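Below is one structure, written out as structure tokens; the observations come after it.
The values are calculated or read from the model by the stated rules, or taken from the named source; none is laboratory data. What you see is a predicted model; the values in this text were computed from it and never measured. Every residue, glycine as well, gets a Cβ built from its backbone with ideal geometry; the counts of neighbours run over all protein chains shown. Please note that ligands, DNA and RNA were not included when accessible areas were found on the heavy atoms of the full protein model with its side chains. Shrake-Rupley method; radii C 1.70, N 1.55, O 1.52, S 1.80 Å.
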Amino acid sequence: MSLVLLYLAALGLVAARWLSRQRLASKPWLEAGPTLALSPRPVAMPTARLGLAVFLAAVGLLFMLLVAAYTMRVPPEIWRRLPDPRIVWLTTGLLIVASLALHGAKGAAAHGERDGALLGLTGAAIATLGFIAGQVLAWRQLADTASVSDAAAAFFILMTALHALHLGGGFVALGIVTARSARAGAVEDAQPAIGLCALYWDALLAIWLVLFGILFRTPWTGWIEALCRT
Amino acid sequence: MADAQFGAAGALPRADLDDVELYHPHSWLTKYVFSQDAKIIAVQYSCTALAIGLVALVLSWLVRLQLGFPGVASFIGPKEYYQFITMHGMIMVIYLLTALFLGGFGNYLIPLMLGARDMVFPYVNMLSYWIYLLAVLVLVASFFVPGGPTGAGWTLYPPQAILAGTPGQEWGIVLMLVSLILFIIGFTMGGVNYVVTVLQARAPGMTLMRMPLTIWGIFTATVLALLAFPALFVGAVMMLLDRLLGTSFFMPAIVEAGQRLAYGGGSPILFQHLFWFFGHPEVYIVALPAFGIVSDLISTHARKNIFGYRMMVWAIVAIGALSFVVWAHHMYVSGMNPYFGFFFATTTLVIAIPTAIKVYNWVLTLWRGDIHLTLPMLFALAFIVTFLNGGLTGLFLGNVVVDVPLSDTLFVVAHFHMVMGVAPILVIFGGLYHWYPKVTGRMLDERLGQLHFWATFLGAYAIFFPMHYLGLMGVPRRYFDIEGLGFVTPSVATLNAFISIVAFLVGAAQIVFLVNLARSRTHGAPAGGNPWRATTLEWQTPETPPAHGNWGRTLPVVYRWPYDYSVPGADRDFVPQNQPGLTRAEAGAAS
């Protein structure tokens, strides 16, 4: 559970930093008048973005718990012994492409370039579909070499399925944002929503890289392993 | 003083109606059924939680019937008994307490107490309720499937939870897990709403340190829940896969009815870690809103400012943070490393410090207060002594050497019923008596309320206080029948019968309460806008019950903290948060 506690500690640091700016040592019983020392909106972030960030914090913990469960359930000697379906490297690349495409779309929307924004959004959608299809192929490849009673394989299926479900939910939102971007009078209006998609995809990419690193042998596996054994 | 003058250049944001962001219903269906108004959603959550709570109440009657009078009810066999205790526990903890505190009180009070028009994501808020209702229906459906609901115990420990021989192994456990997964999805939608509304939608002038402690409690509990429920989600999904697909996340190699099952290598202890990583914060998910509400009830009905507001806030935050590093005190008998036991015993005892600060501050708030023994105040006082009682026995169980012999005895049952069953429910009642006039515009009947209070308070003590002694005698929990156990004396049966009779009466008193709720809706005395002469914003709405949008054309502006009671020099013995004027410091200097 050390990885989970580290994750919680990181969230706690963010919360503590924010709380330290909220004058928690003030004496409200001595003060009257509309306090203006603090903005009534102390979180300098649009509401929707903050809502997504809070949601992603919970989603991140969910996957950290899965990683913790993996390290507790799967004996260390068989960690990363899963046959590495090569296609997983390709799907990882596709997810990176999707994330980059969304950032491109966000930039294009900010400059009022509707075609560029739509190109980025469509590219992200295609890359995401490719990612999910590739994961399904990886499941089939794995099914040929491992059984459900194989704990590492079961974790692979569980982790990737939950990850794909989250991505699927995001895909619905991406479709709505794409449609709105196509219809919006000024594409700049869609830029915040595209930014939310980019944030969501970035988070799911980061989560996938952690899952990839714990399930298979990757250049960053040692880092994750070190964190798990802290 | 860090304040600036209202109206100064570049000062407060517009407080007039931002019509674009406010959702307006267009039909009866969207106004009262698929409503996006947090107040309606709060009532929906509360009614659903109370309805399923009634099921849990009946189940507890049946459990007590068997324990007090074994064999009298022929329809209760061991299978049914385990199903009843399992469903009673899960319904009370998740579907009643969590849903009512966060979905009910949270939805009603967060926007109103903060001076907001609604939650920041009303549509998601509506979905949250309907998914919660679906979760409840799935849970109830398990009573009607072959094999009935699961009887695995509310902790659902594997491997027995999904093995043949455990009641509900066929469908009951599946529906329970699906229901929990749905509940967590629904709660997450609501939880994100509560947190972001507190952070982003407060009225001008409502700084964090001017928020009522009710909001601090609900806010912190919601953060805990958002971080704790994922563990239950992961555990439920993994167990569902073990049950349906034959994976072995939690299932070790095992022989069932002489046959070796296909499972192997799974870790039941892993489930316990996941369950209690959720389970212990869950105690505070229930307790923190109760702490907050009881603070406001005591201050309002003692006509005195809360003692140690800052400490109360810090204690809520500290308890929330500490609650994530105590979970394994539920697992002392699982065979953990003794050093871990020492660590978790230490963190468990440390959490008593901020908790004790809160209890002292409640008592010091009462000290020399103008105490009005209204129904909300009676319930608040009852909470303090009950929580203190349950908390002190928690100190026993937090110590490894004391916990080990007491584990799985009725002492544990008595402890957790006192501290996270009876105590929070007393606050729920206090809160309902307090805010019912705002929700409906009418007062609850005082005489029925007094009957309800005394029967509940004295009855709960008559049930759970002697139960500690049964536990100390070694009477085990979860036993269908304790007859024939050599160490159980005949007096245990007598005491069990007494407890059961009281439990029936206490249960009947809850029916009185429900009748009062329903009858007062139309027959209660008109309440007016602020019957308790309270300071917080929800009592300052232009209409009672508050209309859609809560505040008419302009949002309130907050000028002070929420506990300005009995301010020297003030016209009345309370100064509402949205009233400009004399500060407590200035008043003190003047007098």
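A compact table of results
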| read-out | value |
| --- | --- |
| Boolean, residue A:142 is under 30 Å from residue A:72 (Cα atoms) and not β-branched (Val, Ile, Thr) | yes |
| Residues of region A:22-47 satisfying the condition of being open to solvent by 10 Å² or more (accessible area, probe 1.4 Å), at the interface with another protein chain (Cβ under 8 Å from one of its Cβ atoms), at pLDDT 80 or above and more than 21 Å from residue A:9 (Cβ to Cβ) | A:23, A:25, A:26, A:27, A:29, A:30, A:47 |
| Enumeration of residues in region B:305-344 that are open to solvent by 60 Å² or more (accessible area, probe 1.4 Å), of a type outside the set (Gly, Ala, Ser) and part of a loop (DSSP other than H, G, I, E, B) | B:307, B:337 |
| Failed item in (1) more than 10 Å from chain A (Cβ to nearest Cβ); (2) closer than 20 Å to residue B:300 by Cβ; (3) modelled with pLDDT under 90, with residue B:583 passing the rest | (1) |
| Test: residue in region B:476-483 that is over 30 Å from residue B:52 (Cβ atoms) and surrounded by 16 or more Cβ atoms within 10 Å (Cβ to Cβ) | no |
| Qualifying residue in region B:247-265 (condition: assigned to a helix (DSSP H, G or I) and surrounded by 15 or more Cβ atoms within 10 Å (Cβ to Cβ)) | no |
| Looking only at region B:345-371, and only at residues there that are part of a loop (DSSP other than H, G, I, E, B) and open to solvent by 60 Å² or more (accessible area, probe 1.4 Å), the one that is nearest to residue B:320 (Cα to Cα) | B:367 |
| Among (1) open to solvent by 10 Å² or more (accessible area, probe 1.4 Å); (2) in contact with a His (Cβ under 9 Å, 6 or more places away or on another chain), the one test that residue B:505 misses | (2) |
| Among the residues listed as B:525, B:547, B:534, the single one being touching a residue at least 60 places away in the same chain (Cβ under 8 Å) and open to solvent by 30 Å² or more (accessible area, probe 1.4 Å) | B:525 |
| Options B:227, B:175, B:199, B:182: the member that is assigned to a helix (DSSP H, G or I), farther than 27 Å from residue B:420 by Cα and open to solvent by 10 Å² or more (accessible area, probe 1.4 Å) | B:199 |
| Any hit, region B:144-165, residues being part of a helix (DSSP H, G or I), of a type in the set (Val, Ile, Thr), out of contact with any strand residue (DSSP E or B) (no Cβ under 6 Å at 6 or more places or on another chain) and open to solvent by 10 Å² or more (accessible area, probe 1.4 Å) | no |
| Residue match in region B:283-291 (condition: assigned to a loop (DSSP other than H, G, I, E, B) and not hydroxyl-bearing (Ser, Thr, Tyr)) | no |
| Filtered residues of region A:60-75 (kept if part of a helix (DSSP H, G or I) and open to solvent by less than 10 Å² (accessible area, probe 1.4 Å)) | A:60, A:61, A:63, A:65, A:66, A:67, A:68, A:69, A:70 |
| Some residue of region B:435-456 being without any contact (Cβ under 8 Å) to a residue 24 or more places away in the chain and surrounded by fewer than 19 Cβ atoms within 10 Å (Cβ to Cβ) | yes |
| Scan of region A:47-75 for residues that are within 11 Å of the chain's Cα centre (by Cα) and among the aromatic types (Phe, Trp, Tyr), ordered by number | A:55, A:63 |
| Out of B:270, B:288, sole residue that is at the interface with chain A (Cβ under 8 Å from one of its Cβ atoms) and open to solvent by less than 20 Å² (accessible area, probe 1.4 Å) | B:270 |
| Unique match (being under 27 Å from residue A:19 (Cβ atoms) and more than 10 Å from chain A (Cβ to nearest Cβ)) among B:186, B:190 | B:190 |
| Qualifying residue in region B:395-411 (condition: at pLDDT below 95, in contact with an Asp or Glu (Cβ under 6 Å, 6 or more places away or on another chain) and open to solvent by less than 20 Å² (accessible area, probe 1.4 Å)) | yes |
| Matching residues in region B:202-220 - criterion: being more than 9 Å from chain A (Cβ to nearest Cβ), out of contact with any Gly (no Cβ under 6 Å at 6 or more places or on another chain), open to solvent by less than 10 Å² (accessible area, probe 1.4 Å) and assigned to a helix (DSSP H, G or I) | B:215 |
| Test: residue in region A:165-178 that is assigned to a helix (DSSP H, G or I), under 27 Å from residue A:113 (Cα atoms), over 22 Å from the mean Cα position of the chain (by Cα) and not hydroxyl-bearing (Ser, Thr, Tyr) | no |
| Total residues in region A:202-219, condition part of a loop (DSSP other than H, G, I, E, B) and over 15 Å from residue A:91 (Cβ atoms) | 2 |
| Residues satisfying the stated conditions in region B:273-285, i.e. at the interface with chain A (Cβ under 9 Å from one of its Cβ atoms) and open to solvent by 10 Å² or more (accessible area, probe 1.4 Å) | B:273 |
| Number of the condition not met by residue A:142 [criteria: (1) under 30 Å from residue B:261 (Cα atoms); (2) open to solvent by 10 Å² or more (accessible area, probe 1.4 Å)] | (2) |
| Hey, residue B:497 more than 14 Å from chain A (Cβ to nearest Cβ), touching a residue at least 24 places away in the same chain (Cβ under 8 Å) and not in a loop (DSSP other than H, G, I, E, B) or not | yes |
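Conditions (1) open to solvent by 40 Å² or more (accessible area, probe 1.4 Å); (2) modelled with pLDDT under 95; (3) not in a helix (DSSP H, G or I), marked per residue:
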| residue | (1), (2), (3) |
| --- | --- |
| A:153 | no, yes, no |
| A:156 | no, yes, no |
| A:182 | yes, yes, no |
| A:189 | yes, yes, no |
| A:200 | no, no, no |
